[in-house]
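Worksheet: the structure to be examined is printed underneath.
The values are calculated or read from the model by the stated rules, or taken from the named source; none is laboratory data. None of these values were measured; they are calculated from a predicted model. Please note: Cβ atoms are built from the backbone with ideal geometry, for glycine as well, and neighbour counts cover all protein chains shown.
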Amino acid sequence: MPVLSAAARTRLRLAGFGALLAGCSVGEYQYTEVEGRGGWRSERESACIAARPPSATITTLAAITEEGTCGMDFPLQIVAIANGSVAVSPNPTLNCPFTDALEAWMANSVQPAARAGFGVEVVEIKQISAYACRNRNNFGRELSEHAFGNALDVAGFKLANGREVIVQSGWNGKPDEQAFLRQIFGGACAIFTTSLGPTSNIMHYNHFHIDLAKMAPDGSPKMCKPPLGEASAVTAVTEVPADVTIAVPTAVPGAD
Ligand SMILES: [Zn+2]
């Protein structure tokens, strides 16, 4: 194999990833975070922090830079979102733009679906991976959006009446849980640039992976798997990867 320049290697990786995404109608994929933490992340974080009101349950930590490309300029330690009304457990570290998107998903999709489907609101998000300096498991050597605090793996929810709705058991579980999870997954697809749920691939049998990867300068197109219209028509992946622990909320790295 001839020696390739860094730029050529980058093009090759992008071409390969683009091919993977072609089946999702993503088209011209412009993922730019191949060689390092780009300026657009800092710009988004700075603008977000400047606009974010103080919160008793969300605190700003010192910049995370010691892990090289991984990290954030303004990491947020989340105890609860939605003015403290929705705990996130275990408490994750996330970037500001993602936290804003998580709040929007909660207000515009999750809580309306919970009120309609269960008659009560969600009081806790159960997550199994937030900030983590690691690569994607199944998309080659590129860093995961988790490495920038720009992603969350959501394993389930606790309702105000104590009931728990878990992605792994609920996706093909009780009818009201199936309906709720599909509705809010569709809501996630409208807000996040990447939304991967059960049946998208074997690694997502027990969680929604949601992130704000920069797909294109305007933030679109998005990756939404399974597509909303197909969500109820496909069968959940039941085979469990050997290296994945099922326990919730024990941290289980997602595929992305
Ligand atoms: Zn993930």
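Selection of the stretch 39-54 for residues being in contact (Cβ under 8 Å) with a residue 24 or more places away in the chain and surrounded by fewer than 17 Cβ atoms within 10 Å (Cβ to Cβ) yields Trp40, Ser42, Ser46, Ile49.
Every test in (1) among the charged types (D, E, K, R); (2) within 12 Å of the ligand (Cβ to nearest atom); (3) modelled with pLDDT of 95 or more is passed by Asp176 save one, and that test is (2).
Mind counting the residues in the stretch 65-94 that are part of a loop (DSSP other than H, G, I, E, B), within 15 Å of Glu45 (Cβ to Cβ) and not polar (S, T, N, Q)? Summing the residues that are part of a loop (DSSP other than H, G, I, E, B), within 15 Å of Glu45 (Cβ to Cβ) and not polar (S, T, N, Q) in the stretch 65-94 gives 5. Leu94 passes every criterion in (1) within 16 Å of the ligand (Cβ to nearest atom); (2) at positive phi apart from (2). Of the listed requirements (1) surrounded by 21 or more Cβ atoms within 10 Å (Cβ to Cβ); (2) assigned to a loop (DSSP other than H, G, I, E, B), Val120 misses just one: (1).
Taking first residues from the stretch 162-188 that are within 15 Å of Ala107 (Cα to Cα) and partners that are surrounded by fewer than 16 Cβ atoms within 10 Å (Cβ to Cβ) and polar (S, T, N, Q), the Cβ contacts under 7 Å between residues at least 6 apart in sequence or on separate chains come to Gly187/Asn108. Tell me, yes or no, whether the stretch 121-129 has at least one residue that is over 19 Å from Phe192 (Cα atoms) and either in contact with a helix residue (DSSP H, G or I) (Cβ under 9 Å, 6 or more places away or on another chain) or within 16 Å of the ligand (Cβ to nearest atom) (or both). Within the stretch 121-129, one or more residues are over 19 Å from Phe192 (Cα atoms) and either in contact with a helix residue (DSSP H, G or I) (Cβ under 9 Å, 6 or more places away or on another chain) or within 16 Å of the ligand (Cβ to nearest atom) (or both).
Each row is one residue, and each column tells you yes or no for (1) in a loop (DSSP other than H, G, I, E, B); (2) modelled with pLDDT under 50.
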| site | (1), (2) |
| --- | --- |
| Arg13 | no, yes |
| Leu20 | no, yes |
| Cys24 | yes, yes |
| Gly27 | yes, yes |
| Gln30 | yes, yes |
| Ser42 | no, no |
| Ala47 | no, no |
| Ala50 | no, no |
| Pro53 | yes, no |
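Residue pairs whose Cβ atoms lie under 7 Å apart, sitting 6 or more positions apart in sequence or on different chains, and linking a residue in the stretch 137-151 that is at pLDDT 85 or above to a partner that is assigned to a helix (DSSP H, G or I) and more than 12 Å from the ligand (Cβ to nearest atom), are Phe148/Arg41. Only one of the numbered conditions (1) buried (at least 21 other Cβ atoms within 10 Å of the Cβ); (2) out of contact with any Lys or Arg (no Cβ under 9 Å at 6 or more places or on another chain); (3) not acidic (Asp, Glu) is not met by Val165, and that is (2).
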